[in-house]
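Below: one structure, written as structure tokens.
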Amino acid sequence: MRDTLPLLDKIPFPAIRRAKLDTLQINVGYRCNQSCFHCHVNAGPTRPEEMTGDIADAVLDFVKQRKIATLDITGGAPELNAHFRRLVITARKLGAKVMDRCNLTILEQPGQEDLAEFLSENQVEVVASMPCYLQDNVERQRGKGVLDASVRSLQRLNALGYGRDPQLTLNLVYNPQGPALPPAQVALEADYKRVLGQRYGIVFNKLYVLANMPIQRFGSMLVSKGEFDGYLGLLQDAHLGANLDGVMCRNLISVDWKGFVYDCDFNQMLDLPLMHGGRERVHLSDLLDENIEGSDIRVAGHCYGCTAGQGSSCGGALKEAAE
Ligand code: SF4
Ligand code: SF4
């Protein structure tokens, strides 16, 4: 796979600084039951990296001591981590909102038969990948049978109250198939609600529309096809300075499966650690008593993926998300 960091590092991006920290995003490992083409963490069934119990303890200490409002759990398929349920239960007891970045098909995997009930009992917000409602498009990106399994899982979550009960939030995530900007979030959300509702009786809260990041598998594909410069140009041409205030890295830190800290999940995947105190790498346990508000965020060319057009963050379109 081609590394895109040397190319991205040459591209200047406006300076941004941290605001108040309210979200801890943790990547609990790269194991996944799927191997999607666009996956920015290169996750798959054979990846051995997994957050241990000690690091999960450090995460929970941090949530408690720093009064973190939201614990956002990602992977791989985060539910495959042995400590996933303990993280959820303890963080909820500490008063944090918990988000599970769920690929939906995991709900049908052996050993996960009670996962949907576990998520609803703990009022976990489910953020589910759903790149399209058309079978061909979903299966080209995520693999055969994925649309049917995703539909069954969404129907199961709906039956438990997700998307209807105000305590059970179900949000979907869309990203384009190739090197194109995503369409407007509001219009696409309306299409998704209409089509998924009419065809399958599915309801959900919001659709987050995200641009593909020119890193990992997708970035490597762009380089191989000679499309890297064109895609970066497209993102740069669509950059809006107003989106800089809403990028997720201003209020979030991202933690890898070993406990090291990054400004966001994308920087984690590029191995660009958070800069603090002159250290080469900062561990989450080093930040228990340290305030990082006001410190510089590590930016490079991929950041245009967050500020292009309507903007993308883990909460979807920035302008619309703020309204
Ligand atoms: S389901 Fe998500 S984590 Fe798993 S391979 Fe696909 S994009 Fe990556
Ligand atoms: S990729 Fe986006 S979230 Fe990450 S540092 Fe750049 S602007 Fe911030």
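Listed by position, the helices (runs of 4 or more DSSP H) inside region 164-279 whose residues that are touching a strand residue (DSSP E or B) at 6+ places or on another chain (Cβ under 9 Å) and more than 17 Å from Leu8 (Cβ to Cβ) number at least 1 are 185-200.
Please find, within region 14-40, the residue that is surrounded by the fewest Cβ atoms within 10 Å (Cβ to Cβ) out of those that are hydrophobic (A, V, I, L, M, F, W, C) and under 15 Å from Ile297 (Cβ atoms). It comes out as Ala15.
Contact map, region 28-50: first residue at pLDDT 90 or above, second residue within 16 Å of ligand 2 (Cβ to nearest atom) and in a loop (DSSP other than H, G, I, E, B), Cβ cut-off under 7 Å, separation 6 or more or different chains; pairs are Tyr30/Val41. From the list Thr90, Thr70, the lone residue that is modelled with pLDDT of 95 or more, of a type in the set (Val, Ile, Thr) and either out of contact with any helix residue (DSSP H, G or I) (no Cβ under 8 Å at 6 or more places or on another chain) or within 10 Å of ligand 1 (Cβ to nearest atom) (or both) is Thr70.
The values are calculated or read from the model by the stated rules, or taken from the named source; none is laboratory data. Since this is a predicted model, take the numbers as computed values, not measurements. Glycine also receives a Cβ, built like all others from the backbone with ideal geometry; neighbour counts cover every protein chain displayed.
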